[in-house]
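To start, the structure under review is shown below, and the notes come after it.
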Amino acid sequence: MDRDQFVKKVRTEVGLETQEQALGAIRVVLATMREHMAGREPHHLAAQLPQPIAEFLTPLENADARGERFSIAEFYARVAAKTGTDIAEAERRARVVVEVLSEAVSEGEMRDVRGHFSRDYESLFGTPVR
């Protein structure tokens, strides 16, 4: 999936007016995921994404860093704070971005990404986290 397809799909499914709003939602969700993931996983995920979307998973100042551990409620709260939306809208946007992300990268990569998140993140990924 190329950049334009990714952005258009997020824009359409979330119901955003502009491409810039869609890119903003993508940036915030991926950056929040990056905060949670450990080690080089953000880099591996970024390798399968088009620019500039891949850049939202960087910078990787310390590629061996341990990710922050926070609940799904905190995840949605961070997305809401960064996007200026309420929790329900943040959750909706995050779910759409992750759905499109799962279409854009390999199944194996999504499995690796999911492995960095606890079971309470099932609502974000739409499938059980193993």
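Just so you know, all these numbers are worked out from the coordinates, no wet-lab data involved. Keep in mind it's a predicted model, so treat the numbers as computed, not measured. Reconstructed Cβ throughout: ideal geometry from the backbone, glycine too, with neighbour counts over all protein chains shown.
Could you pull out every residue, at least 5 positions away or on a different chain, whose amide H is within less than 5 Å of the one on ALA38? Hs are placed 1.01 Å off N in the peptide plane, and Pro or chain starts have none.
GLY67
Can you compute the FRET efficiency between SER71 and GLN48 using 1/(1 + (r/R0)^6), with r the Cβ-Cβ distance and R0 = 22 Å? Round to the nearest 0.05.
That gives a FRET efficiency of 0.25.
Take the Cα gyration tensor of the chain, multiply each eigenvalue by 5, square-root it, and list the three semi-axes largest first, rounded to whole angstrom.
Sorted largest first and rounded, they come to 20, 17, 14 Å.
So between THR58 and ALA81, what do we pick up on full extension, going 0.36 nm a residue minus the alpha carbon distance?
6.3 nm
ASP112 to THR12: extension gain in nm, 0.36 nm per residue of separation minus the Cα-Cα distance?
Gain in length upon complete extension: 33.3 nm.
Which GluC sites (Glu not before Pro) in segment 7-39 pass both tests, a DSSP loop state and at most 11 other beta-carbon atoms within 10 Å?
Hits after loop and neighbour filter: GLU17.
Length gain on complete extension for the stretch GLN19 to GLN5, per 0.36 nm per residue less the alpha carbon to alpha carbon distance?
Gain on stretching GLN19 to GLN5: 3.9 nm.
Based solely on its DSSP helices, what 222 nm [θ] is calculated for the chain when runs of n ≥ 4 H residues each add -39,500 (n - 2.57) and the sum is averaged over all residues, nearest 500 deg cm²/dmol?
-18000 deg cm²/dmol
Select from the chain the helices, each a whole stretch of DSSP H, whose alpha-carbon atoms run 15 Å or more along the helix axis and whose Kyte-Doolittle mean is at least -0.5; answer none if there are none.
19-36, 72-83, 87-104
Could you compute the net charge surrounding GLN19? Neighbours are other residues with a C-beta less than 13 Å from the C-beta of GLN19; K and R count +1, D and E count -1.
Residues near GLN19 contribute +2 overall.
About the Cα centre of segment 3-125, what is the dipole size in debye to 20, counting +1 per Lys and Arg Cβ and -1 per Asp and Glu Cβ, all else neutral?
20 debye
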